[in-house]
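Just below is one structure, and these are the notes that go with it.
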Amino acid sequence: MRTTRFLLRSGLTLAAVAAFPTWLAGPSAALTGISVSTIGTTVSVVTSACTQNNGSWGNASLLNSGQTAFAQGRQVALAGTTVSQSAAWSGVSPGTYTVVVVCSNGGTAGTQSVIVSGSSAAPTTSSTARPDAPSRGVMGGLGGAARDYGPLTLGIGAALVGSGVIATGWYLRKRSKPYRL
């Protein structure tokens with residue numbers, strides 16, 4: 001009887017420990033994104049999502065409000081290291097722009113809108129958006145509101161939370177009984 005309890009507890013603990021890092025690292029690894037900022041009439045973008053391929057990290061494009069395709073914007077090659085890649089545009093006129101970063105492997109690292117005011121005051125940044133969605137402002141809300149995780153991810157998360165609640169209740173119930181031999 002004691003061996004069965006021990007194995008049950010050990011199995012549940014090991015399952016939770018094995019699943020937690022995968023569950024925690026999964027969504028963040030899938031969406032690394034970009035960071036865009038402006039200082040005066042200079043727009044800069046930084047990312048760590050791209051890998052070097054044939055000596056190139058990829059390209060970044062600055063699109064004005066009338067442009068929709070990556071090729072239509074002002075393109076700049078990314079420069080940097082394996083830790084961080086960046087690009088910048090200077091002499092940008094005031095307005096709202098969209099920055100798109102495409103890595104050398106053809107994948108989109110991210111898309112972000114930015115407002116250039118033209119003054120050299122404090123830096124400004126804009127709202128973030130998923131790489132495959134148009135800019136829509138700030139996507140506020142609870143955890144999953146910024147990215148739509150599928151039903152499988154939500155189910156796994158609910159199962160982990162549920163098993164944690166059950167295990168906690170079971171443990172507290174066992175601890176509340178007097179110790180008997």
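The values are calculated or read from the model by the stated rules, or taken from the named source; none is laboratory data. This is a predicted model, so every value here is computed, not measured. Every residue, glycine among them, receives a Cβ derived from its backbone with ideal geometry; neighbour counts consider all protein chains shown. Quick note on the areas: whole protein, heavy atoms, side chains included, nothing else; ligands and nucleic acids left out. Shrake-Rupley method; radii C 1.70, N 1.55, O 1.52, S 1.80 Å.
Here is a yes/no grid of residues against (1) open to solvent by 50 Å² or more (accessible area, probe 1.4 Å); (2) modelled with pLDDT under 90; (3) among the charged types (D, E, K, R):
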{"site": "I34", "(1), (2), (3)": "no, yes, no"}
{"site": "S44", "(1), (2), (3)": "no, no, no"}
{"site": "A49", "(1), (2), (3)": "no, yes, no"}
{"site": "N54", "(1), (2), (3)": "yes, yes, no"}
{"site": "S84", "(1), (2), (3)": "no, yes, no"}
{"site": "V99", "(1), (2), (3)": "no, no, no"}
Within segment 39-72, residues closer than 20 Å to V116 by Cβ, among the hydroxyl-bearing types (S, T, Y) and assigned to a strand (DSSP E or B) come out as T42, S44, T47, S61
Where G162 falls short, out of the listed (1) at pLDDT below 55; (2) farther than 25 Å from G73 by Cβ: (1)
Any hit, segment 65-76, residues being buried (at least 20 other Cβ atoms within 10 Å of the Cβ), modelled with pLDDT of 90 or more and more than 16 Å from G95 (Cβ to Cβ): no
